[in-house]
1. Towards the positive end of the charge dipole of the chain, with charges on Cβ (+1 Lys, Arg; -1 Asp, Glu), say which of V56, A138, L106 has the farthest Cα.
2. Could you name the lysines whose alpha carbon sits less than 22 Å from that of K142, not counting residues in the same chain fewer than 8 places away?
3. Which distance in Å, rounded to a whole number, links the C-alpha centroids of segment 84-99 and segment 21-50?
4. Kirkwood hydrodynamic radius for segment 1-129: how many Å is it when counted over pairs of different Cα atoms?
5. Residue by residue through segment 24-29, which ³J(HN,Hα) values in whole Hz follow from phi under the Karplus form 6.51 cos²θ - 1.76 cosθ + 1.60 (θ = phi - 60°), with glycine and proline marked x?
6. Enter the angle in degrees (range 0 to 90, nearest 10) between the Cα long axis of helix 3-21 and the first principal axis of the Cα atoms of the chain, meaning the one along which they spread out most.
7. Report L73's accessible area, 1.4 Å probe, all protein chains in place, as a number in Å² to the nearest 10.
8. Please arrange T81, T21 by accessible surface area, largest first, computed with a 1.4 Å probe and ligands excluded.
Amino acid sequence: MPAALIWLIFALGLAGAEALTGDMFLLMLGGGALAAAGSSWLLDLPVWADGAVFLVVSVLLLVLVRPALRRRLIPAKGAQTGVKALEGKHALVLDRITHDEGQVKLDGQVWTARPLNDGDVFEPGERVTVMHIDGATAVVWKSP
């Protein structure tokens with residue numbers, strides 16, 4: 001069996017295994033194996049030279065292509081959206097906050113609010129921290 005065909009089968013096997021992992025590591029190795037198959041077929045190089053082509057191309061793909069491809073295809077995990085983005089932000093008390101009533105100004109919007117601890121009371125003008133959002137109510141705690 002010609003060496004080019006073996007490299008091609010190896011490249012297809014790595015690409016198929018990449019479908020199971022999704023990490024794009026095996027895909028880069030598959031690209032190196034595909035380059036080795038091409039060089040073996042076109043240049044009829046010895047097996048050690050094909051291995052060198054595989055190594056060089058794989059390392060280049062891993063270092064140069066994989067990081068850019070991962071940034072483009074995999075979204076950032078730290079981006080919070082919706083009410084989760086409001087947790088931990090500071091708010092200004094507008095109306096006295098007790099267990100049953102209160103309002104805060106949070107990111108330029110007025111929210112109903114209640115304290116995290118039922119016995120806490122916050123007066124207008126105080127700064128509080130949003131602990132979480134419960135429906136349409138900001139659950140707040142006194143900022144240090």
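The values are calculated or read from the model by the stated rules, or taken from the named source; none is laboratory data. Since this is a predicted model, take the numbers as computed values, not measurements. Virtual Cβ from ideal backbone geometry, glycine too; neighbours counted across all protein chains shown. Areas reflect the complete protein model, heavy atoms only, side chains present, ligands, DNA and RNA absent. Shrake-Rupley method; radii C 1.70, N 1.55, O 1.52, S 1.80 Å.
1. Farthest along the dipole direction, towards plus: V56.
2. K84, K89, K105
3. 58 Å
4. 19.3 Å
5. Here the 3J(HN,Hα) series is 6, 7, 5, 5, 5, 5 Hz.
6. 10 degrees
7. 110 Å²
8. I get T81, T21, largest accessible area first.
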